[in-house]
Amino acid sequence: SEEKVKDHLSKIGMQISRMTELMNEVLLISKIESGVITPVFEQFDMLELMDEVKSEFDYTDFNINVTSNKEKFPLYADRKMMHHVLVNLTSNAIKYSQDKREIDINLFQNCNHAEITVKDYGIGIPDEDKQNLFKSFYRASNIRNIPGTGLGLLIVKHYLDLQNASISFNSQENKG
């Protein structure tokens, strides 16, 4: 029937999108690890970038709360890489959240230090998975059927390493 054909075509389209995403991420990691991609440092306002990222998730029913200790948050970094970092972390927070439809993002800056925290109230990371979180294709044991490639956090880590920045996390299973 026409309905079945549409359903099958929709599923095929989703699988093609997933394969394309996977291939793009593998190629990106390859480029990063081979030194082809290098950061382009520039001064920009991290709060403005966060507003852009937040607007990319307007289609969701999540309340994304952004707070900062500064009215302006100047940062000297690669803006495109930081955009990718923020999109990935926000997307993960949304993807792995359960019932509470809220994400808290805090930007803190003092004289020579900037810190960005992304807090969700989702499924959290089991203790036995924490040591492998930034490895290729690794996905935590509690993700069930949530789609993903297991490469996003590795790309985030590479992007931050290239900018002499770091990433860390605190997580408890079932608490985010």
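The values are calculated or read from the model by the stated rules, or taken from the named source; none is laboratory data. Please read these numbers as outputs of a predicted model, since none were measured by experiment. When we count neighbours, we look across all protein chains shown, and the Cβ atoms used for this are built from the backbone with ideal geometry, even at glycine. SASA here: full protein model, heavy atoms, side chains in, ligands and nucleic acids out. Shrake-Rupley method; radii C 1.70, N 1.55, O 1.52, S 1.80 Å.
The rows are residues; the columns are (1) among the aliphatic types (A, V, I, L, M); (2) within 30 Å of residue 23 (Cβ to Cβ); (3) in a loop (DSSP other than H, G, I, E, B); (4) in contact with a strand residue (DSSP E or B) (Cβ under 8 Å, 6 or more places away or on another chain).
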| residue | (1), (2), (3), (4) |
| --- | --- |
| 105 | yes, yes, no, yes |
| 108 | no, no, no, yes |
| 134 | no, yes, yes, no |
| 172 | no, no, yes, no |
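Could you list all residues from the range 16-69 that are part of a helix (DSSP H, G or I), among the aliphatic types (A, V, I, L, M) and open to solvent by 80 Å² or more (accessible area, probe 1.4 Å)?
16, 19, 23, 27
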Residue among 99, 120, 129 that alone is surrounded by fewer than 17 Cβ atoms within 10 Å (Cβ to Cβ) and free of Cβ contacts under 8 Å to residues at least 60 places away in the same chain | 99
Is it the case that residue 140 is under 28 Å from residue 58 (Cβ atoms), aliphatic (A, V, I, L, M) and either loosely packed, with under 13 Cβ neighbours inside 10 Å or free of Cβ contacts under 8 Å to residues at least 24 places away in the same chain (or both)?
-> yes
What pairs can you find where one residue is in the range 63-80 and under 30 Å from residue 99 (Cβ atoms) and small (Gly, Ala, Ser), the other is assigned to a strand (DSSP E or B) and open to solvent by 40 Å² or more (accessible area, probe 1.4 Å), and their Cβ atoms are less than 9 Å apart, with a gap of 6+ or different chains?
-> 68/106; 68/108
Does at least one position in the range 146-166 carry a residue that is under 18 Å from the mean Cα position of the chain (by Cα), open to solvent by 20 Å² or more (accessible area, probe 1.4 Å), over 22 Å from residue 28 (Cβ atoms) and free of Cβ contacts under 8 Å to residues at least 24 places away in the same chain?
-> no
Checked pairs for the range 36-49, first within 10 Å of residue 71 (Cα to Cα), second hydroxyl-bearing (Ser, Thr, Tyr), C-beta under 7 Å and 6 or more apart or across chains, list as 47/68
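So which of 45, 51 is within 30 Å of residue 124 (Cβ to Cβ), modelled with pLDDT of 90 or more and of a type in the set (D, E, K, R)?
Only one candidate passes the filter, namely 51.
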The lone exception for residue 137 - which of (1) in contact with a helix residue (DSSP H, G or I) (Cβ under 9 Å, 6 or more places away or on another chain); (2) under 24 Å from residue 47 (Cβ atoms); (3) not aliphatic (A, V, I, L, M) it fails = (2)
